[in-house]
Amino acid sequence: QYFMGLQGIATEDKDNARAQLITPLRSVFNAAKNVFGIGSSQYRQLGSANLTKLTDDNLVRNTRNTVVIATKYLGDLSSEGVTEAKLTEITALNKSFDESVDELLTAKRNRDIATKDRIDKGNALYNEIVKICNTGKDIWYEKSEAKYNDYILYNTSSGERETEEKSEA
């Protein structure tokens with residue numbers, strides 16, 4: 001639960017960083033649409049304007065490209081409010097978003113590692129129980145069938161002997 005919580009927090013942070021990035025980035029595309037037109041080569045050079053459909057990695061790369069091309073056409077786009085400061089802000093937001101994606105991936109890896117560790121510890125504990133039960137069965141094999149049966153592990157989810165009804169189903 002702890003690691004799921006950390007992963008959830010990292011996901012929220014990434015989603016917030018993505019939303020903060022998309023807003024000013026969309027205004028650059030709107031400015032280019034107003035200046036160059038949606039079918040122009042200058043507009044298409046900016047990359048994909050369908051920002052919400054891009055994967056996280058593609059959004060990072062698309063944003064880098066958009067900033068480079070918008071800088072190239074800054075003289076034309078400045079009439080629509082695109083400034084060097086705005087492009088610097090977009091670059092900083094993109095860096096923050098990229099880092100939040102990395103943090104989310106780290107949180108997922110940490111959760112996977114913790115899950116594997118928990119499974120390994122459970123398996124080690126089970127192996128110790130099997131070892132103890134085998135020793136107990138060996139001690140009571142010819143002395144007491146009742147005590148011998150106390151050391152039998154059943155391969156069922158309840159840990160009890162499988163009934164005939166369950167085995168026939």
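The values are calculated or read from the model by the stated rules, or taken from the named source; none is laboratory data. In this text, all values refer to a predicted model and were calculated from it rather than measured experimentally. Note that we place each Cβ from the backbone using ideal geometry, even for glycine, and neighbour counts take in every protein chain shown. Ligands, DNA and RNA are excluded from the accessible area calculation, which covers all protein heavy atoms including side chains. Shrake-Rupley method; radii C 1.70, N 1.55, O 1.52, S 1.80 Å.
Here are the numbers for the structure shown:
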quantity: Calculated [θ] (222 nm, deg cm²/dmol) that DSSP helices of n ≥ 4 give over the chain, each run adding -39,500 (n - 2.57); calculated: -25500 deg cm²/dmol
quantity: Neighbour-limited loop hits for GluC sites (Glu not before Pro), the range 51-145 (at most 14 other Cβ within 10 Å; DSSP other than H, G, I, E, B); calculated: 142
quantity: Theoretical FRET efficiency, 1/(1+(r/R0)^6), r = Cβ-Cβ of residue 72 and residue 108, R0 35 Å, to 0.05; calculated: 0.40
quantity: Rounded tilt (10° steps) of 56-72 against the dominant C-alpha axis of the chain; calculated: 10
quantity: Under 26 Å from residue 121, Cα to Cα: lysines that are on another chain or at least 8 residues apart; calculated: 108, 131, 137
quantity: Mean Cα-pair separation over length for the range 9-126, i.e. relative contact order, pairs under 8 Å, 6 or more apart, %; calculated: 34
quantity: Structure-derived P(r) over Cα pairs in 10 Å bins from 0, in percent - corresponding label in (i) 9, 23, 16, 11, 10, 9, 9, 7, 3, 0; (ii) 9, 33, 32, 19, 6, 1, 0; (iii) 11, 37, 31, 16, 6, 0; calculated: (i)
quantity: Label zone at residue 117 (point 7 Å along Cα-to-Cβ), backbone N below 17 Å, the range 5-24; calculated: 5-7
quantity: Proximal charge balance of residue 51 [Cβ under 13 Å; K/R count +1, D/E count -1]; calculated: +3
quantity: Distance in nm between pseudo-label sites at residue 128 and residue 48 (7 Å out along the Cβ direction from Cα); calculated: 5.1
quantity: Angle in degrees between helix 2-36 and the longest Cα principal axis of the chain, rounded to the nearest 10; calculated: 20
quantity: Dipole magnitude of the chain, debye to nearest 20 (Cβ charges: Lys/Arg +1, Asp/Glu -1, about Cα centre); calculated: 820
quantity: Accessible surface, the range 10-56, averaged per residue in Å² (probe 1.4 Å); calculated: 52
